[in-house]
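Working notes for the structure below.
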Amino acid sequence: MATTKEFRDYVVEQLKLVDNVLCRPMMGEYLLYADGILFGGIYDGRVLIKKVSSNLKYQLEDAIPYAGAKPMYWIDHLEDMEYLKILINDTCQDLPRKKGK
C-alpha cells in the first residue's frame, strides 16, 4: 500500500516543531530529513525512523520499510508533536549530517 499525499501532508504538519524538516519523494514513498540529517521515512503509510543508540530508550516497535531493508522503529502515535520533536532530535544526535556537493 503506497503512502497517500494526504498522510504525507499530515506527517509533515505533525513534525512542524522539528527544525528544518524536509520530506522528499523517493520511489513512491518519502524520506524525512531534519536540518539536513536523514532520520527516517514514510513507508506504506507508516512513519519509520532509523535505529540508533540514542533512541533505544523509547522502546518503539521494529518495522521493515521494504523487502531487504534493515529494521527501523515505527512511530505509531503521531499526535504528540512535542514528543515527536524530542524523539527526532535524540535520533539525529547519532546520525551523520548530509554532505554538501
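The values are calculated or read from the model by the stated rules, or taken from the named source; none is laboratory data. Because the structure is a prediction, the values reported are computed rather than measured. Every residue, glycine as well, gets a Cβ built from its backbone with ideal geometry; the counts of neighbours run over all protein chains shown. These accessible areas exclude ligands, DNA and RNA; they are computed on the full protein's heavy atoms, side chains included. Shrake-Rupley method; radii C 1.70, N 1.55, O 1.52, S 1.80 Å.
Within region 2-39, the residues that satisfy the criterion of being out of contact with any Cys (no Cβ under 9 Å at 6 or more places or on another chain) and on the phi > 0 side of the Ramachandran plot are Asn20, Met27, Gly28, Gly36. Please verify whether Tyr10 is of a type outside the set (A, V, I, L, M), touching a residue at least 40 places away in the same chain (Cβ under 8 Å) and in a strand (DSSP E or B), treating the condition exactly as stated. Spelling it out, it is not the case that Tyr10 is of a type outside the set (A, V, I, L, M), touching a residue at least 40 places away in the same chain (Cβ under 8 Å) and in a strand (DSSP E or B). With respect to being surrounded by 13 or more Cβ atoms within 10 Å (Cβ to Cβ), touching a strand residue (DSSP E or B) at 6+ places or on another chain (Cβ under 6 Å), touching a residue at least 40 places away in the same chain (Cβ under 8 Å) and over 14 Å from Leu15 (Cβ atoms), Leu60 falls outside the description. Evaluating Asn55 against the criteria (1) outside any helix (DSSP H, G or I); (2) under 20 Å from Pro96 (Cβ atoms); (3) within 13 Å of the chain's Cα centre (by Cα) leaves one unmet condition, (1). Here Pro25 meets each of (1) free of Cβ contacts under 8 Å to residues at least 12 places away in the same chain; (2) in contact with a Lys or Arg (Cβ under 9 Å, 6 or more places away or on another chain); (3) assigned to a loop (DSSP other than H, G, I, E, B) with one exception, condition (3).
Results for (1) at pLDDT 95 or above; (2) in contact with a helix residue (DSSP H, G or I) (Cβ under 9 Å, 6 or more places away or on another chain), shown as yes or no for each residue.
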position	(1), (2)
Glu6	yes, no
Tyr30	yes, yes
Asp35	no, yes
Phe39	yes, yes
Glu61	yes, no
Gly68	no, no
Tyr73	yes, yes
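On inspection, Tyr73 passes the criterion of being touching a Leu at 6+ places or on another chain (Cβ under 9 Å), outside any loop (DSSP other than H, G, I, E, B) and open to solvent by less than 30 Å² (accessible area, probe 1.4 Å).
Here is a yes/no grid of residues against (1) open to solvent by 70 Å² or more (accessible area, probe 1.4 Å); (2) touching a strand residue (DSSP E or B) at 6+ places or on another chain (Cβ under 7 Å); (3) under 19 Å from Cys92 (Cβ atoms):
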{"residue": "Gln14", "(1), (2), (3)": "no, no, yes"}
{"residue": "Met27", "(1), (2), (3)": "yes, no, no"}
{"residue": "Phe39", "(1), (2), (3)": "no, yes, yes"}
{"residue": "Val47", "(1), (2), (3)": "no, yes, yes"}
{"residue": "Ile64", "(1), (2), (3)": "yes, no, no"}
{"residue": "Met81", "(1), (2), (3)": "no, no, yes"}
